[in-house]
Amino acid sequence: MTRVVLVHGIAQQYKGAQTLLADWCPALADGLSPAGVTLGPRDVAMAFYGDLFRPAGHRGPGEPELGAADVEEGLERELLLAWWRAAAETESQVAGPGTAARVRTPHLVQRALDALSHSSFFAGAGERLLIRDARQVSRYFTDPAIRAAVRERVLRALTDRTEVVVAHSLGSVVAYEALCAHPELPDLTLVTLGSPLAVRGLVLDRLEPAPVAGYGRWPAPVARWTNIADRGDVVALGKRLAPVFGDRVVDVLVHNGAKAHDVRPYLTAQETGRAIAAGLAARP
């Protein structure tokens with residue numbers, strides 16, 4: 001019966017599908033209300049995969065502390081540096097990479113973590129959380145078993161009646177890859193929120209299927225695609241997807257206030273509601 005499938009982003013490993021639905025659905029209803037659309041509980045499902053990143057139980061004192069020395073070379077490191085550069089560009093209180101390092105913290109990653117601690121965007125996220133978030137993205141792209149299992153969760157949530165997929169943050173990458181891999185799926189509408197899909201080097205060039213000459217493939221089941229981003233969203237480093245995935249993508253900018261990447265202000269935005277409502281009205 002599911003008409004709308006929601007796909008979450010990183011850092012949800014200690015939640016579950018019902019917990020997230022309880023958080024997302026009121027915001028989704030608020031966004032749809034101006035469009036005159038109401039969805040029932042059976043109309044919406046969460047494609048939950050956070051538990052795949054949850055550490056297994058053990059006898060130790062808990063998850064280990066993480067610091068700059070634990071940041072792995074490659075994607076994990078580059079993501080933190082990219083977030084740093086983006087935060088410095090949008091927030092005056094965040095010292096950029098061009099600022100001279102203090103003697104105490106000459107290491108580039110430590111400088112990035114220190115700078116991000118002053119960002120309102122990452123408010124409340126300590127070093128361990130920032131590193132863990134970057135590590136989840138890295139694991140998705142570098143661990144084939146994790147990648148396959150995460151995408152399978154999206155496919156499991158889809159039904160013949162699914163008309164709209166709403167995907168946030170890393171979830172937009174998961175949804176994109178899952179839909180590309182299954183061209184036989186019925187036509188649907190894709191709505192991406194705070195998506196990093198267009199970030200060259202870090203995300204775009206790691207997609208499956210790989211982009212050709214810098215352009216991403218259009219997912220065959222997607223009849224309509226609206227991408228919504230906040231100007232201050234540090235995760236959505238590439239705010240527009242149309243230059244990468246084609247002019248059929250409708251790119252929309254919104255203002256989410258202080259919580260630029262939070263899914264709830266994305267969902268309450270009337271622009272998001274209109275995009276979802278249009279998708280629901282499109283299928284006979």
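The values are calculated or read from the model by the stated rules, or taken from the named source; none is laboratory data. Just so you know, these numbers come straight off a predicted model, no measurement behind them. FYI the Cβ positions are ideal-geometry reconstructions off the backbone, even for glycines, and counts take in every protein chain you see.
A Cβ distance below 9 Å, combined with a sequence gap of six or more or placement on separate chains, defines the contacts here; from the stretch 184-201, residues that are outside the structural domain of Val222 (by TED's automatic domain parsing) reach no residue that is in a loop (DSSP other than H, G, I, E, B) and surrounded by 24 or more Cβ atoms within 10 Å (Cβ to Cβ). Of the listed requirements (1) at pLDDT 95 or above; (2) out of contact with any Asp or Glu (no Cβ under 6 Å at 6 or more places or on another chain), Arg3 misses just one: (2). Figure legend. Inter-residue proximity from the stretch 27-43: first residues in the same structural domain as Asp160 (by TED's automatic domain parsing) and at pLDDT 95 or above, second residues of a type in the set (Phe, Trp, Tyr) and surrounded by 11 or more Cβ atoms within 10 Å (Cβ to Cβ), beta-carbon distance below 9 Å, spacing 6+ or different chains. Indicated pairs: Ala27/Tyr266; Gly31/Tyr266.
When Arg161 is tested against the conditions (1) part of a helix (DSSP H, G or I); (2) at pLDDT below 95, the lone failure is (1). Name, by its number, the condition in (1) under 17 Å from the mean Cα position of the chain (by Cα); (2) farther than 24 Å from Leu21 by Cβ that does not hold for Ala258. So Ala258 meets the others, but not (1).
Taking the stretch 220-243 only, how many residues are of a type in the set (Val, Ile, Thr) and over 13 Å from Arg85 (Cα atoms)?
Matching residues across the stretch 220-243 total 3.
State which residue is nearest to Arg77 (Cα to Cα) when the search covers only the stretch 199-232 and only residues that are of a type in the set (Gly, Ala, Ser) and either part of a strand (DSSP E or B) or at pLDDT 95 or above (or both). Result: Ala210.
Would you confirm, using the coordinates I've provided, whether Arg135 is outside any loop (DSSP other than H, G, I, E, B) and either within 27 Å of Asp51 (Cβ to Cβ) or modelled with pLDDT under 85 (or both)? When the stated conditions are applied, Arg135 passes them.
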